[in-house]
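A short worksheet on the structure shown next.
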Amino acid sequence: MYRVQLQDFEGPLDLLLLLINRREIDIFDIPIAQITNEYLSYVGMMKTINLDGVGDYIYFAALLISIKARMLLPKPELGPDEEEIDPRQQLVEQLLEYIRYKDAAEDLNRRMEERSLLFTRGAASTPAQADAPEREILVNTSVFDLLTALRGVLEKAPDEQTLTIVRQEYSIEEQSQFVRQLLFNQRQISFVEIMKGQTRGFIVCTFLAILEMAFIQQIKISNTYQGNDFMIQSEGGINE
């Protein structure tokens, strides 16, 4: 199994916020059972393709399971001066604090981008920095969106033949070449379309090849309006 390390990889709270926002859930009334099951589904996907950092997600999944279990327990009788403690309270507070942190970070990034548009007097960078080309971001979508597309494709993939004696093995290099051939005559292709009818092993290995090609700037991947697919676009040098 290949290990894939993604730059700027989102964290466990990002995944939880994504699930909450997609279902338009009230953050103060999170349906823990539903969210936990969906969260575990994503963690399972990460383990399948061996993404770096999955350990943090497993730890957070255990926290969600713990909260889910506490909510299923019978509620103790409370005295007249006692208030019921919601097992989700600490999670909600953690989410709210994280949202404030993200908002502050985004505001800081926006200010830095605005500042970078201004000209400064004198040398604003070292010669090495001035000569270094800017690295273009070639992944214009969330990692979780990519995993959503992968999960949808795997759910429709045909079952593996149990009577097959010779197992078909795939490699990152072979699947990268497969993607290059598809992009040779067309500028853009759909991940869902090219994976129709393929086996699970083929799909997972091709997905890993696409991620690797994006991060070495051979292709560009971006989300679609539907949100359950992503597009692959050729970049300079794809046909070399």
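The values are calculated or read from the model by the stated rules, or taken from the named source; none is laboratory data. Just so it is clear, the model here is predicted, and its values are computed rather than measured. Cβ coordinates were reconstructed from backbone atoms using ideal geometry, including for glycine residues, and neighbour counts include every protein chain displayed. Ligands, DNA and RNA are excluded from the accessible area calculation, which covers all protein heavy atoms including side chains. Shrake-Rupley method; radii C 1.70, N 1.55, O 1.52, S 1.80 Å.
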Can you give me the distance in nm between label points at ILE25 and TYR98, each placed 7 Å from the Cα along the Cα-to-Cβ direction? 1.2
Kindly provide the pair-distance distribution of segment 42-83 built from C-alpha pairs, with 5 Å bins from 0 and whole-percent values in order of increasing distance. 5, 19, 16, 14, 12, 10, 8, 6, 6, 3, 1
Run the dipole for segment 18-82 about the Cα centre, Lys and Arg Cβ at +1, Asp and Glu Cβ at -1, nothing else charged, and hand back the magnitude in debye, nearest 20. 320
Checking rank on 90-101, 31-42, with mean other Cβ inside 10 Å and highest first, the result is 31-42, 90-101
Row for segment 37-118, column shape: gyration tensor on C-alpha, a ≥ b ≥ c, rounded if a/c < 1.5 i.e. under 1.5, prolate if a/b over b/c, else oblate; value oblate
Out of the total accessible area of segment 25-95 (probe 1.4 Å, heavy atoms of protein only), what percent is carbon and sulfur? 55
Could you give the size of the charge dipole of segment 170-231 about its Cα centre, using +1 on the Cβ of each K and R and -1 on the Cβ of each D and E, expressed in debye and rounded to the nearest 20? 120
